[in-house]
């Protein structure tokens, strides 16, 4: 019994460390040094790359698997959301339109 | 979970969290004026969503104010806890959250944040190319490896392409200028 509890403790401590260190170390260390221009330029593109990656996965892989309409309504609902985002640059307007488009599509397809 | 050996569990948790190295590094140039211990606290609360909002706020060479970042993180976490509590207490009263389209809020938010990122850049066409590469690699790689690794691969490929493209533009002689 003691062994199992020790193992659980190790899992909790270890998981905590590997959760915190990747988040904290780069921010704490790289903010103290002057970055080479090439690296700074590279880091400048990380947000665009990551946002496109997260959006593409959220839209193209509903439930973790690739799907096309009509089995993937998100692929359609994202179009009005992107249009509103391009026009208004408003976070809340985009989310409201995206959610409403999704609700409307589910009502139509069902 | 308890049957798996501890090192295997910890290694898996590490790989799922690895993409935050990139988020943390990308925010670093914007927190030069924030004390190190505050940067550590700010980093500890990084998520996909808070990184996306912070990156949108800190375009260009803007320097972050620590209270803004703490406000962002605390608001996000408080909303998470409050919404979880609310869902546990009254969630069964909601008929069908899918019918309301609420599960699409996150994708819509990413769409808005991506659009703001691309639009607010000096090299907008390079940013569009980076977004396209990032999207393709993220979906393609997710068919083969776990989706959190696919995000890392997408970021590495797309950011490298962006840096190379921008570097080439900067190096190219400008026509029309003496």
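Among residues of the stretch B:102-121 being touching a residue at least 24 places away in the same chain (Cβ under 8 Å) and closer than 20 Å to residue B:61 by Cα, the one that is surrounded by the most Cβ atoms within 10 Å (Cβ to Cβ) is B:113. Just need a number here: residues in the stretch B:121-140 that are out of contact with any helix residue (DSSP H, G or I) (no Cβ under 8 Å at 6 or more places or on another chain) and not in a helix (DSSP H, G or I). Number of matching residues: 1. Sub-9 Å Cβ pairs linking a first residue in the stretch B:76-89 that is at negative phi to a second residue that is surrounded by 11 or more Cβ atoms within 10 Å (Cβ to Cβ) and in a helix (DSSP H, G or I), at least 6 apart or interchain, are B:76/B:49; B:76/B:50; B:76/B:53; B:77/B:50, ordered by first then second residue. Across the stretch B:23-51, the qualifying residues are those that are over 22 Å from residue A:45 (Cβ atoms), in contact (Cβ under 8 Å) with a residue 12 or more places away in the chain and touching a helix residue (DSSP H, G or I) at 6+ places or on another chain (Cβ under 6 Å), and the one among them that is surrounded by the most Cβ atoms within 10 Å (Cβ to Cβ) is B:34. Surrounded by 16 or more Cβ atoms within 10 Å (Cβ to Cβ) and within 11 Å of chain A (Cβ to nearest Cβ): is that true of residue B:158 in this structure? In short, yes. Among the candidates B:146, B:95, the residue that is in contact (Cβ under 8 Å) with a residue 24 or more places away in the chain and surrounded by fewer than 16 Cβ atoms within 10 Å (Cβ to Cβ) is uniquely B:146. Check A:93, A:81 and return the single one that is closer than 20 Å to residue B:111 by Cα, within 7 Å of chain B (Cβ to nearest Cβ) and modelled with pLDDT of 95 or more. On inspection, the qualifying residue turns out to be A:81. Screening residue B:68 against (1) part of a helix (DSSP H, G or I); (2) within 9 Å of chain A (Cβ to nearest Cβ); (3) without any contact (Cβ under 8 Å) to a residue 24 or more places away in the chain leaves a single unmet condition, (2). Scanning the stretch B:141-154 for residues that are part of a helix (DSSP H, G or I) and either over 28 Å from residue B:14 (Cα atoms) or more than 8 Å from chain A (Cβ to nearest Cβ) (or both) yields B:141, B:148, B:149, B:152, B:153. The set of residues in the stretch B:43-54 that are within 8 Å of the chain's Cα centre (by Cα), assigned to a helix (DSSP H, G or I) and closer than 18 Å to residue A:28 by Cα comprises B:50, B:51. One residue is enough: does the stretch B:55-63 have a residue meeting the conditions more than 15 Å from residue B:148 (Cα to Cα), buried (at least 22 other Cβ atoms within 10 Å of the Cβ), at pLDDT below 95 and touching a helix residue (DSSP H, G or I) at 6+ places or on another chain (Cβ under 9 Å)? So far as the stretch B:55-63 goes, yes, one or more of its residues are more than 15 Å from residue B:148 (Cα to Cα), buried (at least 22 other Cβ atoms within 10 Å of the Cβ), at pLDDT below 95 and touching a helix residue (DSSP H, G or I) at 6+ places or on another chain (Cβ under 9 Å).
Highlighted here are the helices (runs of 4 or more DSSP H) found entirely within the stretch A:1-67 that include at least 1 residues which are within 20 Å of residue B:165 (Cβ to Cβ) and more than 7 Å from chain B (Cβ to nearest Cβ): A:37-44.
Looking only at the stretch A:48-87, which residues are out of contact with any helix residue (DSSP H, G or I) (no Cβ under 7 Å at 6 or more places or on another chain) and more than 22 Å from residue B:141 (Cα to Cα)? Scanning the stretch A:48-87 gives A:79, A:83, A:87.
Against the condition assigned to a helix (DSSP H, G or I) and more than 8 Å from every other protein chain (Cβ to nearest Cβ), how does residue A:98 come out, does it pass? No; evaluated as a whole, the condition is false for this residue. Checked against the criterion of being more than 25 Å from residue B:12 (Cβ to Cβ) and at the interface with chain A (Cβ under 7 Å from one of its Cβ atoms), the candidates B:136, B:86, B:100 yield just one match: B:100.
The values are calculated or read from the model by the stated rules, or taken from the named source; none is laboratory data. No experiment lies behind these values; they were computed from the predicted model shown. We place every Cβ from the backbone using ideal geometry, glycine too, and count neighbours over all the protein chains shown.
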